Amino acid sequence: MMKQVCLLTCALAISFAFSSCEDDDKMDMDTIEVPDGYALSAGTSTVFLASSIAYDTEASWVSGSYASRFTNGDGLYDDVRTSSNSQDVGGLGPVYAGYSCGSCHRNAGRTRPTLWSEGGSGSYGFSSMLIYVSRRNGAQFRDYGRVLHDQAIYGVEPEGKLHVEYEYQTFSFPDGETYELAKPNYTITEWYADSIAPEDLFCTVRIPLRHVGMGQMMAIDRTEIEALAAKSNYPEYGISGRVNYITEKGVTGVGLSGNKAQHLDLTVELGFSSDMGVTNSRYPEEICEGQAQVNQGSLMGLSYDQLDISTEDMEDVDLYMQSLGVPARRNVNDEQVILGEQKFYEAKCHLCHVTTLHTRPGGSTLLNGTQLPWLGGQTIHPYSDFLLHDMGSEIMGVGLNDNYVSGMAMGNEWRTTPLWGIGLQERVNGHTYFLHDGRARNLVEAIMWHGGEAEASKNLFKQMSKADRDAMIAFINSL
């Protein structure tokens, strides 16, 4: 493998100790009301924070050797990787999408993508998004994999650059209030090899997911998810969710992770490889293996045979992600929030955004076999059934079909997004871009992009008075 010195010099450093919180963080901890029930969003992993580190604080059960491993995983998650030969912080590239986990998941959340600020791929080695490309028949292009890497280390060309233009359409609620939806149209230029004809290209974009409740998600009782699929059939509302069964590492199971529930685990090894170009025991080859331009690295006299990160370190990153706490609900006694919860149920949102699930007794198992029993036997409130639902095709400019197949999930099918922690995204990451590609600029737009099986709920929301719509948004922001 060939690496070169990367010119990235920035570094991310986050403290997780309560004693180091800013004054406003301490104030938030003091003023959060703690009601019964749903305040414990994640059982023993619930944290009572409403600050910029609300997603990025360890659960109270993390101690002893797990605490030191958490710290190591935290550093590996956040520290900027370079193209050096160091296993700790090296191995970046030659092409990549992000230079650390934390570059795209700032504070374990969703870093603001450059789609809106720079019109596509960002400059200075940063975009905070993944660009999936395929032929229209589903096959991959010879010179490109499933992900187009729009960044590269010095001396190597990015595989291409993404550009986006938004098509705006204004709609009205029955009471006269207007809202606007922005439909993205993606194009790719500056292909490193042969250009791909637009008529032969499917392109879909993903902005980062919030890393909230990852451990609880991995510990969920899969039989409960399958039971939900068996009874998740509400013909009066057109709802019928289904499991995305996935085979990975020789094991077939219930997919839970990812926008389309297309993974069985948190994909730490895949993230290091595909997102950052960091070779590891599961993916030992460079992501750009076979590209002629990779040979340029030999001109610098840099050729390394060792893997860029160890399995033990990757498991510490897995432990870090699964040990993060989930913020408790806020403002639950506020009259508007109470009304909004009632409207959430009246709109039948809870039929997909299921309020209560349970974790299996044994908890979860990390990628190298370490057990986390503290995650077991918990009652949790993710507001998701983790099932696939048809979210509508492009009809009259509205719909979420991206033509990208993931496992059993078709282009118009998406996993129900867990809503826990969603109301803190603006505080944690400074923006309110939602949905898989950030096309929704606020929660109202996110709801109004729903189609297919969510069409009935969207229409029920649409028919509400403005006061009731505002209350429902207030409720979602309390999660």
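The values are calculated or read from the model by the stated rules, or taken from the named source; none is laboratory data. From a predicted model like this one, the values you see are computed outputs, not experimental measurements. Heads up, the Cβs are rebuilt from the backbone with ideal geometry, glycines too, and the neighbour counts pull from every protein chain shown.
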Residues of the stretch 261-294 that turn out to be in contact with a strand residue (DSSP E or B) (Cβ under 7 Å, 6 or more places away or on another chain), within 28 Å of ALA193 (Cβ to Cβ) and part of a loop (DSSP other than H, G, I, E, B), as a count: 5
Selection from the stretch 72-87 of residues that are touching a residue at least 40 places away in the same chain (Cβ under 8 Å) and within 20 Å of LEU319 (Cα to Cα): ASN72, GLY73, ASP74, LEU76, TYR77, ASP78, ASP79, VAL80, ARG81, GLN87
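To keep it simple, each residue is scored yes or no on (1) of a type in the set (A, V, I, L, M); (2) touching a Ser or Thr at 6+ places or on another chain (Cβ under 6 Å).
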residue: SER63; (1), (2): no, no
residue: GLY90; (1), (2): no, yes
residue: GLY93; (1), (2): no, yes
residue: THR111; (1), (2): no, yes
residue: LEU115; (1), (2): yes, no
residue: GLY122; (1), (2): no, yes
residue: MET129; (1), (2): yes, no
residue: ILE153; (1), (2): yes, yes
Residue pairs meeting the criteria (Cβ under 9 Å; at least 6 apart or on separate chains; first over 21 Å from GLY213 (Cβ atoms), in the stretch 99-119; second of a type outside the set (A, V, I, L, M, F, W, C) and in a helix (DSSP H, G or I)): SER100/TYR77; SER100/ASP78; SER103/ASP78; ARG112/ARG106; ARG112/ASN429
Residues of the stretch 45-62 that turn out to be in contact with a Leu (Cβ under 7 Å, 6 or more places away or on another chain), closer than 13 Å to GLY421 by Cβ and assigned to a strand (DSSP E or B), as a count: 1
Qualifying residue in the stretch 100-118 (condition: more than 20 Å from HIS436 (Cβ to Cβ) and in contact with a Leu (Cβ under 6 Å, 6 or more places away or on another chain)): yes
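Taking SER52, is it surrounded by fewer than 22 Cβ atoms within 10 Å (Cβ to Cβ), under 20 Å from the mean Cα position of the chain (by Cα) and under 23 Å from ARG427 (Cβ atoms)?
Considered against the rule, which asks whether it is surrounded by fewer than 22 Cβ atoms within 10 Å (Cβ to Cβ), under 20 Å from the mean Cα position of the chain (by Cα) and under 23 Å from ARG427 (Cβ atoms), SER52 comes out as yes.
Enumerate the helices (runs of 4 or more DSSP H) found wholly within the stretch 63-139, keeping only those where 3 or more residues are at pLDDT below 95.
Of the helices (runs of 4 or more DSSP H) lying wholly inside the stretch 63-139, none has at least 3 residues that are at pLDDT below 95.
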Matching option when the condition is buried (at least 18 other Cβ atoms within 10 Å of the Cβ), in contact with a helix residue (DSSP H, G or I) (Cβ under 6 Å, 6 or more places away or on another chain) and closer than 30 Å to SER52 by Cβ, among VAL332, VAL354, VAL317: VAL317
When residues of the stretch 87-99 are limited to those that are surrounded by 24 or more Cβ atoms within 10 Å (Cβ to Cβ) and not aromatic (Phe, Trp, Tyr), the one nearest to LYS183 (Cα to Cα): ALA97
Exclusive hit being surrounded by 19 or more Cβ atoms within 10 Å (Cβ to Cβ), small (Gly, Ala, Ser) and within 20 Å of PHE202 (Cα to Cα), set SER127, SER103: SER127
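Is it the case that the stretch 201-221 has a residue that's among the β-branched types (Val, Ile, Thr) and over 25 Å from CYS101 (Cβ atoms)?
No - not one qualifying residue is present in the stretch 201-221.
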Selection count, the stretch 239-260, where residues are without any contact (Cβ under 8 Å) to a residue 12 or more places away in the chain and of a type in the set (Gly, Ala, Ser): 1
Qualifying residue in the stretch 62-74 (condition: acidic (Asp, Glu), over 16 Å from ALA152 (Cβ atoms) and surrounded by 23 or more Cβ atoms within 10 Å (Cβ to Cβ)): yes
Some residue of the stretch 332-342 being closer than 30 Å to GLN169 by Cβ, at pLDDT 95 or above and in a strand (DSSP E or B): no
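Name the single residue, out of those in the stretch 387-410 being aliphatic (A, V, I, L, M) and buried (at least 18 other Cβ atoms within 10 Å of the Cβ), that is modelled with the lowest pLDDT.
Looking at residues that are aliphatic (A, V, I, L, M) and buried (at least 18 other Cβ atoms within 10 Å of the Cβ), I get VAL398.
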Residue match in the stretch 342-350 (condition: in contact (Cβ under 8 Å) with a residue 12 or more places away in the chain, crowded, with 22+ Cβ neighbours inside 10 Å, farther than 30 Å from MET314 by Cβ and under 24 Å from the mean Cα position of the chain (by Cα)): yes
Of all residues making up the stretch 115-139, the number that are closer than 20 Å to ASN259 by Cα and in contact with a strand residue (DSSP E or B) (Cβ under 7 Å, 6 or more places away or on another chain): 8
Residues of the stretch 167-186 classified as closer than 24 Å to SER128 by Cβ and either of a type in the set (Gly, Ala, Ser) or surrounded by 14 or more Cβ atoms within 10 Å (Cβ to Cβ) (or both), total: 5
Qualifying positions in the stretch 91-116 - over 17 Å from LEU76 (Cβ atoms) and among the charged types (D, E, K, R): ARG110, ARG112
